[in-house]
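These notes concern the structure reproduced below.
The values are calculated or read from the model by the stated rules, or taken from the named source; none is laboratory data. Keep in mind that what you see is a predicted model, and the values were worked out from it rather than measured. Cβ atoms come from the backbone with ideal geometry, glycine included; neighbour counts cover every protein chain shown. Calculation scope for accessible area: heavy atoms of the full protein, side chains included, ligands and nucleic acids excluded. Shrake-Rupley method; radii C 1.70, N 1.55, O 1.52, S 1.80 Å.
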Amino acid sequence: MIILGLVVTLAALAAAVAVILGNTGGVHVSAFGHEVPGLTQQWHLFLAGVVVAIVFMAGAGIAALGFRRAVNIRRELRDLRDEHEESLQTLELERRKLQQALAQARRGLDEQPPVPAQRVAPN
């Protein structure tokens, strides 16, 4: 989207520069070495300028939207990466605590002497 916006913007700029530099006389408009048909009066030339300006603004707008979208995507990816790292750290801490608790429980079982089983008399 960025590239499309830049291409349209550059095309509008090239057309405007070609019209400005290629016209020294009255209302004969030439662009890229060819005379533009249909532009015989000054208001025709004005409308052509308006069209070029609209195309330029559209291209610049498309490029700006593309840049904004790219920045938002990078920001979201960075936030997700940070959130993922925090989750991993939390899970690692919890795993360590559980390992310590398991080790303490195993040590506690090893230190206590086994309790002899009691027989229950039948009724």
Return the loop-located GluC sites (Glu not before Pro) in the range 56-88 (DSSP other than H, G, I, E, B) with at most 16 other Cβ atoms within 10 Å of their own Cβ; answer none if there are none. none
Formal net charge of residues neighbouring Arg81 (Cβ-Cβ distance under 12 Å; K, R +1; D, E -1): -3
To the nearest 10 Å², what's Arg106's accessible area with a 1.4 Å probe? 150 Å²
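Using a Förster distance of 30 angstrom, determine the FRET efficiency expected from the C-beta separation of Val51 and Ile3, and round it to 0.05.
Approximately 0.85, to the nearest 0.05.
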FRET efficiency for Ala101 and Asp79 from the Cβ-Cβ distance with R0 = 35 Å, rounded to 0.05, comes out at 0.60
